[in-house]
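The values are calculated or read from the model by the stated rules, or taken from the named source; none is laboratory data. Keep in mind it's a predicted model, so treat the numbers as computed, not measured. Please note: Cβ atoms are built from the backbone with ideal geometry, for glycine as well, and neighbour counts cover all protein chains shown. Heads up: the accessible areas ignore ligands, DNA and RNA and are worked out on the full protein's heavy atoms, side chains in. Shrake-Rupley method; radii C 1.70, N 1.55, O 1.52, S 1.80 Å.
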Amino acid sequence: MSLLLAMTGWHVEDWRARFQGLLPEMPIVVLGEAFDRRAVHYVASWKHPPGSLTGLPNLAAIFSLGAGVDFLFADDKLPAAPIARVVDSDLTARMSEYIVLHCLLHLRQQRRYDRQQRAGVWDDDRFQPAAHSVRVGIMGLGELGQDAATKLKVMGFDVAGWSRSPKAIEGLPCFSGDDGMKAFLARTDILVSLLPLTADTRGIINAELLSGLAQGGRLGGPFLINAGRGGLQVEADILAALDAGTLKGATLDVFETEPLPSESRLWTHPGVVVTPHNAAMSEPEAVASLVAAQIRRLEAGEPLQHVVDPARGY
Ligand SMILES: NC(=O)c1ccc[n+]([C@@H]2O[C@H](COP(=O)([O-])OP(=O)(O)OC[C@H]3O[C@@H](n4cnc5c(N)ncnc54)[C@H](OP(=O)(O)O)[C@@H]3O)[C@@H](O)[C@H]2O)c1
């Protein structure tokens, strides 16, 4: 029985050493080297080459080494084994740091003060809206969205959320589905996207959605923060809304193409904050420990945790 590591862009030998330390009795094999395909019971993947996981007749589970699983479903030859993803409290806390930081950055007009400092301008403008007067709308009320909502509320923001299925969360107005979208957007000054990328959510942050955001809010126009996936956003529509002034600013951690191409106007647009898809990283040691614990659960006959539904795509 072996664990197959299937990854691109990461140092596979570091991962082999990590897993070998945690699962000393289990052979750890690596895609690209010779190994017995019948002996593979588990796969740990990060962006494996599509089609490379076929011909594993005894596969019991596939583990995404990240919180997202869109790269797995992009493989149309993915074996039909149960899929589990990483749910890590440390990653969740880091994402909430990022969301709180960027909501505060837009609330407190920090980019403007950065520009003023560079120009040596002292403009002690008294316009400082209170957090409680700013309505944050979080798209995606899963592990990340709910934690971000809790922490934004501690900062005083007026927070609501939107998800696929209806939810009742104490102290958080919840909207859901297509029916709830219009009212959700209409009460949103800062839109936070923490959605997974699926067939239903691809391109959801488009001109139509942006045109539904509140225009009369305390920040003088709506802001967007997308830390979900780049495929959620239509960058041409975001730039058009920024140019038209119907979107006042945006923080983007994820992009249609990553790395963000050097010719993209997002790099230089004064209304845009670009971060390089690192809003929430996991410690590799923590991820390996979580996967090893899942393997031990399966070996002990216990059910897999954090299982993804292929029909929903997340
Ligand atoms: N930038 C980064 O560094 C980074 C790091 C980690 C993760 N991420 C991204 O963050 C995403 C979210 O992570 P998570 O752990 O919070 O996921 P999760 O626990 O699976 O939650 C996903 C949420 O999105 C909602 N949703 C899914 N499809 C929807 C649709 N069509 N319409 C409305 N709502 C929909 C779900 O609704 P229901 O509650 O009704 O199911 C759920 O509330 C990941 O998929 C990943 O892409 C980014």
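Exactly one residue out of Arg115, Arg94, Arg108 is over 18 Å from Phe223 (Cα atoms), away from the ligand (no atom under 16 Å from the Cβ) and either assigned by TED's automatic domain parsing to the domain that holds Ala214 or modelled with pLDDT of 95 or more (or both), and it is Arg115. For segment 245-269, the tally of residues that are among the acidic types (Asp, Glu) and more than 16 Å from the chain's Cα centre (by Cα) stands at 1.
Just a yes or no: is a residue in segment 151-158 over 29 Å from Pro276 (Cβ atoms) and either within 13 Å of the ligand (Cβ to nearest atom) or part of a strand (DSSP E or B) (or both)? Yes, because at least one residue in segment 151-158 is over 29 Å from Pro276 (Cβ atoms) and either within 13 Å of the ligand (Cβ to nearest atom) or part of a strand (DSSP E or B) (or both).
Tyr42 meets each of the listed conditions (1) part of a helix (DSSP H, G or I); (2) closer than 19 Å to Glu299 by Cβ; (3) aromatic (Phe, Trp, Tyr) apart from (1). Is one or more of the residues making up segment 28-42 in contact with a His (Cβ under 9 Å, 6 or more places away or on another chain) and of a type outside the set (Gly, Ala, Ser)? Looking through segment 28-42, at least one residue is in contact with a His (Cβ under 9 Å, 6 or more places away or on another chain) and of a type outside the set (Gly, Ala, Ser). For segment 73-106, taking the residues that are touching a strand residue (DSSP E or B) at 6+ places or on another chain (Cβ under 8 Å) and assigned to a helix (DSSP H, G or I), the one that is surrounded by the most Cβ atoms within 10 Å (Cβ to Cβ) is identified as Ile99.
Selection of segment 237-264 for residues being surrounded by fewer than 19 Cβ atoms within 10 Å (Cβ to Cβ) and either at positive phi or in a helix (DSSP H, G or I) (or both) yields Asp237, Leu239, Ala240, Asp243, Ala244, Gly245.
When each of Val287, Val291, Val234, Val272 is tested for being within 21 Å of the chain's Cα centre (by Cα) and open to solvent by 40 Å² or more (accessible area, probe 1.4 Å), the lone residue that passes is Val234.
Per this entry, Leu213 is counted among residues that are under 24 Å from Gln110 (Cβ atoms), crowded, with 24+ Cβ neighbours inside 10 Å and not β-branched (Val, Ile, Thr). Within segment 140-150, restricting attention to residues that are open to solvent by less than 30 Å² (accessible area, probe 1.4 Å), near the ligand (Cβ under 10 Å from one of its atoms) and small (Gly, Ala, Ser), the residue that is farthest from the chain's Cα centre (by Cα) is Ala148. Selection of segment 294-310 for residues being outside any loop (DSSP other than H, G, I, E, B) and open to solvent by 30 Å² or more (accessible area, probe 1.4 Å) yields Arg296, Arg297, Leu298, Glu299, Val307. Can Ala6 be described as touching a helix residue (DSSP H, G or I) at 6+ places or on another chain (Cβ under 7 Å), part of a strand (DSSP E or B) and away from the ligand (no atom under 16 Å from the Cβ)? No: the conditions fail for Ala6. If you filter segment 168-223 down to residues that are polar (S, T, N, Q) and within 18 Å of the chain's Cα centre (by Cα), you find that the one that is farthest from the ligand (Cβ to nearest atom) is Asn206. Residues that are open to solvent by less than 20 Å² (accessible area, probe 1.4 Å) and in a loop (DSSP other than H, G, I, E, B) do not occur anywhere in segment 110-122.
Checking Val136, Val69 one by one, the residue that is open to solvent by less than 70 Å² (accessible area, probe 1.4 Å), over 30 Å from Gly55 (Cβ atoms) and either in the same structural domain as Pro222 (by TED's automatic domain parsing) or at pLDDT 95 or above (or both) is Val136 and no other. Determine which member of the set Phe73, Phe35 is aromatic (Phe, Trp, Tyr) and closer than 30 Å to Phe184 by Cα. Unique residue meeting the criteria: Phe73. Condition test on Gly145, is it at positive phi and in contact (Cβ under 8 Å) with a residue 24 or more places away in the chain? No.
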